[in-house]
């Protein structure tokens with residue numbers, strides 16, 4: 001069994017065939033799904049999907065690209081729901097600063113403020129974080145530590161192979177490994193994977209994005225976690241079934257509501 005801990009099933013690219021996407025995943029051994037909150041406007045659909053299908057849960061949060069849409073009142077309402085099991089995805093992304101009305105330093109400051117607010121919210125509702133980090137390792141780590149994120153822990157979504165972030169495993173953070181691991185240019189991630197504590201590795205797709213080899217160029221979907229599991233097994237010299245059992249148990253330990261998935 002595999003749990004896809006990060007899949008945007010609420011994305012418009014699944015509007016026409018979501019039933020088939022979930023069926024393929026189930027037939028391939030993917031039994032649990034977590035839809036991260038990225039766009040606050042998509043939360044109603046994420047919630048509807050979580051209630052329509054078994055073993056699907058969702059999270060509520062605001063992506064760093066959408067900080068202008070941050071609305072704590074709305075997030076709080078969704079976080080009350082029993083199928084809303086995490087806060088995020090939230091974090092810092094300095095790869096491209098979209099708001100040309102704001103200078104770079106002001107944008108970074110605002111991102112850090114919104115990230116800190118979501119950490120505090122996660123602590124208040126006692127739910128783990130789904131953390132997005134891109135080109136912002138130092139600031140992200142500092143914000144997590146300064147705001148006591150270890151009280152709830154979480155996952156570093158699409159872990160970027162930074163050794164600087166590895167010791168966050170000691171603060172209750174897990175490492176989301178997805179299709180990037182199968183890319184030809186993922187040498188750094190392949191090299192560092194054995195150094196991640198095994199009890200802190202979880203599998204994700206980030207579908208419909210970051211489709212693994214050999215399906216690059218296609219829409220990603222939860223079934224493709226099987227290719228991620230296969231690559232992890234190859235690198236760590238484990239069987240695929242051992243990887244599936246390991247990462248499933250890890251996901252259930254982090255996201256307590258997933259314990260019922262079987």
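Below are the figures for this structure:
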{"item": "Label-point gap, in nm, between residue 42 and residue 83 - each point 7 angstrom along Cα→Cβ", "result": "1.7 nm"}
{"item": "Computed [θ] at 222 nm, helices only, for the chain once each DSSP H run of length n ≥ 4 contributes -39500 (n - 2.57)", "result": "-11000 deg cm²/dmol"}
{"item": "Per residue convex hull volume, Cα atoms of segment 45-176, in Å³", "result": "107 Å³"}
{"item": "Against the rule of thumb 2.2 N^0.38 Å, how large the Cα Rg of segment 143-262 comes out", "result": "1.04"}
{"item": "Compactness of the chain - radius of gyration and Dmax, Cα, Å", "result": "17.0, 51"}
{"item": "Compactness relative to 2.2 N^0.38 Å, alpha carbon Rg of segment 1-111", "result": "1.18"}
{"item": "Per residue convex hull volume, Cα atoms of segment 120-166, in Å³", "result": "66 Å³"}
{"item": "Spin-label pair residue 109/residue 68, simplified geometry with 7 Å Cα→Cβ offset, distance in nm", "result": "1.8 nm"}
{"item": "Contour minus Cα-Cα distance for residue 13 and residue 125 (0.36 nm per residue)", "result": "37.2 nm"}
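FYI, it's all coordinate maths here, none of it is from the lab. Predicted, not measured: the structure shown is a model, and the values here were computed from it. When we count neighbours, we look across all protein chains shown, and the Cβ atoms used for this are built from the backbone with ideal geometry, even at glycine.
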